[in-house]
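The values are calculated or read from the model by the stated rules, or taken from the named source; none is laboratory data. On a predicted model such as this, the values are computed, not experimentally measured, just so you know. Note: ideal-geometry Cβ built from the backbone for every residue, glycine included; neighbour counts use all protein chains shown. For accessibility, only protein heavy atoms count, side chains too; no ligands or nucleic acids. Shrake-Rupley method; radii C 1.70, N 1.55, O 1.52, S 1.80 Å.
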Amino acid sequence: MRRVACAREIAEALHRVKVEPSEYVTNLYATPAILASWIEAGELDSHEAAGCLLLFRRDLGFRRLYFAARSRQDLAGYLRDPDMDWRAETVTSDLVGRPLDVAPSVGAFAGAGFARYTTLIRMARVGLAPAPNEPTDPNVSFARPDEERIVHGFFENLLDRYSEQTPSLREIREAIADEKVLIVRREGHLAGALCYATTGVTTTLRYWFVAIAHQNRGVGAALMRRLLWLSRESRRIVLWVMADNHDAITKYEHYGFRRDGLVDEVMLRKGDAS
Amino acid sequence: MKTPAEILHTIRPEFDFSSSHDFIGDGMLDSFDVVTLVAEMDREYSISIDGEDILPENFRSVASIEALLRRYGVPR
């Protein structure tokens, strides 16, 4: 593996991979801006062979694998190579797509020692009008800049690090500055938090959590109502949820979210050194 | 043969792409949609769009998509 120094390296590697009509497969959906932030932070390493590019992003004690391959066969062969130095580390990979499209890639990863860790489904709320009046719950407010560490710690403690992209402190700082983090305080503590992002007509609900001690007390509902009001100009709101979290799915359906057909199969391989 | 506009409607039927000059900036297409769009156009037009061309600026509008397709020999 070698450290990626600039976006141009990735572009040139993709050019070498995706040539001629092929059965191109990829899970590299990061925008140029996101890739640039990873490169700038020194988090990205690459590994390339004929017909296949692997990118490894450093996370908390493991790596996330992104790939672009000329064919699933090339990918499978590359993943199974026992001489790959990344096999000593714990690695996850997100296989995103429609279930039938993703299944063969799941097989390729399984053949290389990966196991399915969890499945996420995407849900979307499309074109529905919110409640007519602005919610006035006084307990819901935007997080303040001086609360960035509390909010970051709140999410870090509740998120599953393998299946959910834990935000960095910098990301939380930027979201707070952009007024995209809503919180509820109860009895002097952070009871719940919601983080979202809006691009044009689409809002993405990135994180929505309620502390265990404050669950079933209307905290989550208050946050969601405020989000729906704040994103009332959005034509679409999307989110990802674990497929076996039936309580959460039921709650999202109550707010008008429906499965939109996409899944994320999170594959995990414990390092050989583990 | 489907037009780019028709393929876009297949991927994201909830949006009116004729109302936007910047599909990416307006949040109508995310990065997953772009990859899906590339796969659909590869199949529809029997081409292989280079990985280096899978950039937001090539998919911001019908005009930019059509310009990209012309570079791959797809007629109007």
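A simple charge model with +1 on the Cβ of Lys and Arg, -1 on the Cβ of Asp and Glu and nothing else charged puts the dipole of chain A at about 500 debye relative to its Cα centre. Solvent-accessible surface of the protein assembly as shown, taken per residue with a 1.4 Å probe and all protein chains present: 48 Å². Summing charges over all other residues whose Cβ lies under 12 Å from the Cβ of A:Arg186, with Lys and Arg as +1 and Asp and Glu as -1, gives 0.
When the Cα positions of A:Leu55, A:Ile10, A:Ala110 are compared along the charge dipole of the stretch A:1-143, A:Ala110 comes out farthest toward the positive end, with charges on each C-beta of Lys, Arg, Asp and Glu. Note on chain A: with a GNM built from Cα contacts shorter than 10 Å, the maximum mean-square fluctuation among A:Ile39, A:Ile212, A:Ile150 falls on A:Ile212.
Within the straight-line cut-off of under 25 Å between alpha carbons, the lysines reachable from A:Lys180 are A:Lys251, sequence neighbours fewer than 8 places apart in one chain being disregarded.
Principal axis extents of the Cα atoms in the stretch A:41-149, from largest to smallest and rounded to whole angstrom, are 59, 37, 22.
Mean partner shielding of peptide A:197-205, defined as the number of other chain Cβ atoms within 10 Å of each residue Cβ, is 4. The Rg/Rh ratio of the stretch A:89-167, with Rg taken over Cα atoms and Rh as the Kirkwood radius over Cα pairs, comes to 1.12.
Show me the three semi-axes of the equivalent ellipsoid for chain B, from the C-alpha gyration tensor (sqrt of 5 times each eigenvalue), largest first, rounded to whole Å.
After diagonalising the Cα gyration tensor, the semi-axes are 18, 13, 12 Å.
At R0 = 35 Å, how high is the FRET efficiency between A:Met1 and A:Arg144 if r is their beta carbon distance? Nearest 0.05 is fine. After rounding to 0.05, the efficiency reads 0.30. Taking label positions 7 Å along the Cα-Cβ direction at both A:Glu174 and A:Asp59, the computed distance is 1.8 nm, reported to one decimal. Rg and Dmax of the stretch A:233-274, based on Cα coordinates, read 15.1, 50 Å.
Per residue, the convex hull around the alpha carbon atoms of the stretch A:144-274 comes to 143 Å³. Taking other residues whose beta carbon is less than 11 angstrom from the beta carbon of A:Thr90, and scoring Lys, Arg as +1 and Asp, Glu as -1, yields +3. Volume per residue for the stretch A:132-190 equals 108 cubic angstrom (convex hull of Cα atoms). Here the label points at A:Glu253 and A:Gln73, each 7 Å from Cα along the C-beta direction, are separated by 4.2 nm in the simple model. Each chain gives up part of its surface: A and B jointly bury about 1800 Å² of accessible area, both sides summed, for a 1.4 Å probe.
Cα-Cα pairs above 35 Å in the protein assembly as shown: how many percent? Across the protein assembly as shown, Cα pairs with separations above 35 Å total 26 percent.
Report note on the peptides B:50-60, A:139-149: ranked by the mean count of other C-beta atoms within 10 Å, highest first, their order is B:50-60, A:139-149. The lysines within cross-link reach of A:Lys18, meaning a Cα-to-Cα straight distance under 18 Å and a gap of 8 or more places when in the same chain, come to none at all. Quick one: go through the stretch A:165-184 and flag any residue whose amide nitrogen is under 20 Å from the point 7 Å out along the Cα-to-Cβ line of A:Ser37. Zone members listed by number: A:165-183. Charge dipole of the stretch A:193-274 (Cα centre as origin; +1 on each Lys and Arg Cβ, -1 on each Asp and Glu Cβ, all else neutral): 360 debye, rounded to the nearest 20. Spin-label pair A:Ile212-A:Thr198: with each label point 7 Å from Cα along the Cα-Cβ axis, the two points sit 3.5 nm from one another. Under the convention that each Lys and Arg Cβ holds +1 and each Asp and Glu Cβ holds -1, the size of the dipole of the stretch A:136-274 around its Cα centre is about 320 debye. Based on Cα contacts under 8 Å between residues 6+ apart, the stretch A:81-205 shows a relative contact order of 18 percent. Using C-alpha pairs under 8 Å with a sequence gap of at least 6, the mean separation divided by the residue count of chain A gives a relative contact order of 24 percent. Overall, the accessible surface of the protein assembly as shown at a probe of 1.4 angstrom is composed of carbon and sulfur to the extent of 51 percent. If you take all other residues with their beta carbon under 15 Å from the beta carbon of B:Asp26, and give Lys and Arg +1 and Asp and Glu -1, the sum is -3.
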